[in-house]
Each structure stands twice: as C-alpha cells, then as structure tokens.
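The structure appears right after this line, and notes come after that.
The values are calculated or read from the model by the stated rules, or taken from the named source; none is laboratory data. Quick caveat, the model's predicted, so the values are computed rather than measured. Ideal geometry is used to build each Cβ from the backbone, glycine not excepted, and the neighbour counts take in all protein chains shown. Surface areas here come from the heavy atoms of the whole protein model, side chains and all, with no ligands, DNA or RNA. Shrake-Rupley method; radii C 1.70, N 1.55, O 1.52, S 1.80 Å.
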Amino acid sequence: MDLPPAELGTAQSSLYEGPDPQLVFRYRASGTGASDGVITGSVGAAATIARGGSGNTEFMNLTYRPFTAGAYKATATAPVQSATGFTIIAHFKPDTASLTGRRTIYSDQGGGGIALDIMDGRMQVQWHDGTGYQSVTATGYPINTNWHYVVAAVTINSGTPSSSHARIYIDGQERIDVSPIPGAQTVKNSGQPGCVAAECDGTGSTRGPVGEYFVGRIATAEVLNYPLWSRSYLFSQLNDGGWYAGLPSYFDYTPSVTDTRTGTYRSKYRRMADAINEPQGGNNFPQFDDMRTKVTRRISLPYLNDGFVYQGVSIGTTTTPNDTMYMVGHYEPDPDLTEGMVIVPEVNIAGCATGICAPSIRRTYRLVSATGAELSGVHPGSVVRVGNILYVNSLRNETTGIGGLLRFDLTAPRTTWHPADPVTGRPAIEDLKLVSSNTSLCGGASISYDSIANRLYCFTSGARVINGFNLNADGSLPDSTPEVTWAIPAAPYTQGGYDYQLQGGAVYHPGNTAGNPCFVLHFSGGESNPSALNNFCPSTSTTVAPSLANALATNGEGVAVTTDGMVWGITEGASKKMQTVGSSSIVLAPWVWGIPRSTMGIQ
C-alpha cells in the first residue's frame, strides 16, 4: 500500500489550484442578531461562537443573521488567482422578496471582481474578465424560501479554453456547467473589500451598500481563490448546516494559526478532502482512490463542527425499508479534549440508496443516565434500533461505571434539552434516559442488528471476536450468552506493513435470504493510512477475509449493509484532537459515504 504524500504541497501543481490556494474571505454569522445595518469587521471576524463545556448548546445551533436592508462589509480585500479561478460558497435562506430582481449574496465588484447573486429566483455567478462582466445563471433550477447550499466554481484554463468551466451546485446537485466559459480566460480583481447581502459601491472607508439587498437569513459566505471540484457537494446535503453552517467550522481548528485570510493552514484539510474525490486531484492520491471510484453516495453529517466526532451508523425502517439512518457521536469540548455528551441523530434518507434524495433530521437524542445526568466519557462505538429499543455500545466510564451495551427505551417519556428552531427546521434535541448498562457485553468496536435472524452481533477488535445474541420478539436481550461466536481472521489487522484496528462491523445475508451470515469489517489505519473494508463469511472460510476496498479516507469508523444494495460507512471526522496531530496525510471526509454492494462484488 502506498503511503500518502508527506505534505500536500508535493502534489499541488497538479491539482488545478494555482500556486497559492487559500480561503480568502469568510463571513459566518455569530447569532440571530437584532441589527440589520452595516456590519464591519476584518475578514473572518464575523463570528465569535462559544463552545465547550458540559451542557453547552451553542454549537448545536445553526447560527445566522437576518438581513432586510443591510450588509456585512469586510475591511480587507479578497483577491482571487486571475489565471486559476475562484469558488463562492453560501448557505442561506431567502425570504420571498429575494426571489424577484437581483439580490446579492456576495460581491466585491467595482471595475472588476466577482459576485454570487439571486436573479429572479435563479442563482447567478459573475466575474470580470478584464473587458466586462461575464455571468452564468442556473436558469433551469428555481430556488425557494428553504435553506439552500450554493457552490459556484469558475475554472480558468487559458491553455485549453475548452477545459474551462463555470459550474453552480445547489443543494448537493450540479445545476449548470458551462464550458468553455464566456469571455476571456482570466478574472480581473476589483481591489475592493467584499460585501455580503448587498451590492456595495465606493472605495475604502466610503464603500458601503447601495442596493440589490438580500432579504432573508445568511449563515455563511466564503470565497476561495481557486475552483473547488464538484464531488464534495454532490449527492445529499443535510439541510441543517452540514459542512458550511454558521457553526464552529469542521476545518477551523488549526493549532497556532490565527483566524485570518492568510492562514493557509486553514484550507489544507478541505483541499485534501476535495482532491481525493476528483479525477484531476484523485490521480495524485491513489492511496485514497476508493473514495473517488467506488463511493456513489454521500450524506453530510448533522451538527458538524470542529469538536464533534461521529463513530457509528446504522440503517432502519420507519415507513419503508432502509429509509432511516441513525448516527452516534460525542462532543470533545474545549480546551482539554475530554469526551463530552453523546447524541444520536435520526435522519430520513428515503431514496438515498437509489437516486437523488433530500435527507432531513427527524429527531435527535441526547443520551443521559437514568437520573437524567449527561452521559460523558463513554466513547460510543455504534448504534442500532430494534423495535422500540435503541442499543449503543461504548467504552466504560470508570467514574460512573456506565458502559458496554447501553439500552434505551424509545417509548419512554422524554424531556427537551434544546428547543426546536422553526426557522432553520431543526427539531428539538430530547434527553433519552438509560434503561440498562451491561458492562460485560459489547464494549468493543461496534454492534450490528440482523433483521433476518433477529440477532444482535457484537464486534470486538482487540479480542478479534464476533459474538451473536438471539433477541426476544420485542428486541430485548434474553441473556448474556452468545448463540454463535467466530474469531476474526488476523490478516486484515496488518495492511501494507502497518497495524490496523477494527472500528466497525456489519452483518448481511448474501441475496438477502435467510441462512449463513457474512460480515463487512471496517478497519482503520489511524490518522495517516487509508481505511479498509474486508468481507468475512465464516460459512465459507473462518481464516480468510478478502479485501473489498483498501483506499478509503483515514479514520474510518462504523459501517452498515442494507437490503437495498448499499454499504454505508462513516468517517470519524476532524475533531480538534485529530487536527492537533498536524499531519498533512490526514484525509478528512465529513460524510456518511455509500458504496453499492455490487461494486464490491458482494450479493
């Protein structure tokens, strides 16, 4: 197995990013706010968000600022690379008034510059090519008054103009791709500070909003001085903030680097994650090639920020088979990186396995003890729902004694910990009380539910064991004695000369028919080596676990196999602890990713 490049820079020249790729502008709302007037400040200084500490709720909010006739004006310019291109990213919710006429999301125009506008309810990107303004509009996709993710990326290619592109992605789908781009193959910068929510005019201190006012709410607006590639925005974005919410950003924690536009360390992780998914950049990172060639679906992670780490994923049924996804993760609060509260979001993923879908959070649970105390320090591994029982496996908290196989009753009364937000559409976060904690069971890597055999499987990494427990009709566990036990083959624990750990396991039945079970095992090589999937069918061989994929993003965690033909996996994510490692080889992939079973040759 090839190792990742020691530094991202070794492959930069081939990544179509130009010589100096940077995040050059960021607006991020710090709260709902009361003022709609002009907001001034240095680039990147729009947000001061409290985070950390037990009971903190700020990071759970999708923060935004309402605009009616004002703007955020930066005090520094945000030039793009004229010969490379640019990207504008925004997460916003327009009011009805913003769907007529021209409404500005971001603009630094004035004798040059770029802009992202709403034009009569359609998204438009503009840029100056040295002689005048050029534009591309996604005319075939009208937006509405919901929250929207918009990514507009313009690629300049003066050597091969036919390879230039102007693309607009809305809500996880490419809505238009114009190639070659109109006009000359260059972008002329304006040399003026950018504005959010209005078109500005003037220079220096006299520059201010003059019209084209956006009416609605904006969580974030960002500008990169190079064109992002597409796959990070394709497939299914959760409409709650995801990557680019007004939250402490997944990419923002950067040790010893100030929060300025020149902090190039800031965008390193994003560039690496984007690079591995694209034909252009992915060829430079063959060790992560499965993310590009095998993954066909992505679902963004809810409540994502620099302190939240997801470990487990499972699929269940609410109305139709495989229409519900459960995730489990914990918060690592500032400043000591201790493991804080555990949450379980329940997400509607109807249709996501077979086509375009619009996932949404149905509800979210905060796991608490029988007395209502927040569960912390238990390090959850995975989650499954069986009937009205929610099972979570975890490590043991030595202080409280809670750990192992945790059981929760979904029919029990729940109290609201964090209220619903009708504007953003986020549901309330409810406290779900612990029913029992069996410390002798399932304290290892993960658990998986076999709906065909009504059996719960526990996967233990260190002991290399799979134990299967038959369940009662209501999903409860009758006793602590496994009906079946298999030893996991040793070979997958050493890959490419490096030690790997089992982080997730999922049961499936070939052809979805009753009979001997098989297992997809998710192994992680840590922060620097690709994650891998192996297939283990004990009825075929108890000593062999063939490789299914060995070039996934680093720090792979949970995995699930569904009867509608998918293997879903989850990546641990960019916690502060991971980024503190400081390795340029870390590849952060903040999604649940999906690979068809047929792609990996499993029935």
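Below, the figures for the structure above:
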{"read-out": "Mean separation of Cα contacts under 8 Å (6+ apart) over length of the stretch 111-193, as relative contact order %", "value": "30"}
{"read-out": "Carbon and sulfur %, accessible surface of the stretch 308-599 computed with the full protein complex present, 1.4 Å", "value": "50"}
{"read-out": "Residue-level accessible surface for Lys294, protein heavy atoms, 1.4 Å, Å²", "value": "50"}
{"read-out": "Order by protection proxy (mean Cβ within 10 Å, highest first), peptides 447-460, 532-545", "value": "447-460, 532-545"}
{"read-out": "Two-decimal Rg to Rh for the stretch 308-599 - Kirkwood Rh, Cα set", "value": "0.94"}
{"read-out": "Long-range tail of P(r) for the stretch 350-408 (Cα pairs > 15 Å, %)", "value": "59"}
{"read-out": "Rel. contact order, % - alpha carbon contacts under 8 angstrom, at least six apart, the stretch 308-599", "value": "14"}
{"read-out": "Kirkwood Rh in Å, taken over the stretch 78-142 so that all alpha-carbon pairs contribute", "value": "12.6"}
{"read-out": "FRET efficiency, Ile356 to Ile452 (Cβ-Cβ, R0 35 Å, nearest 0.05)", "value": "0.75"}
{"read-out": "Exposure of Leu99 as accessible area (Å², to 10), given a probe of 1.4 Å and all protein chains", "value": "40"}
{"read-out": "Accessible solvent surface per residue of the stretch 308-599, calculated while the other protein chains remain in place, 1.4 angstrom probe, Å²", "value": "34"}
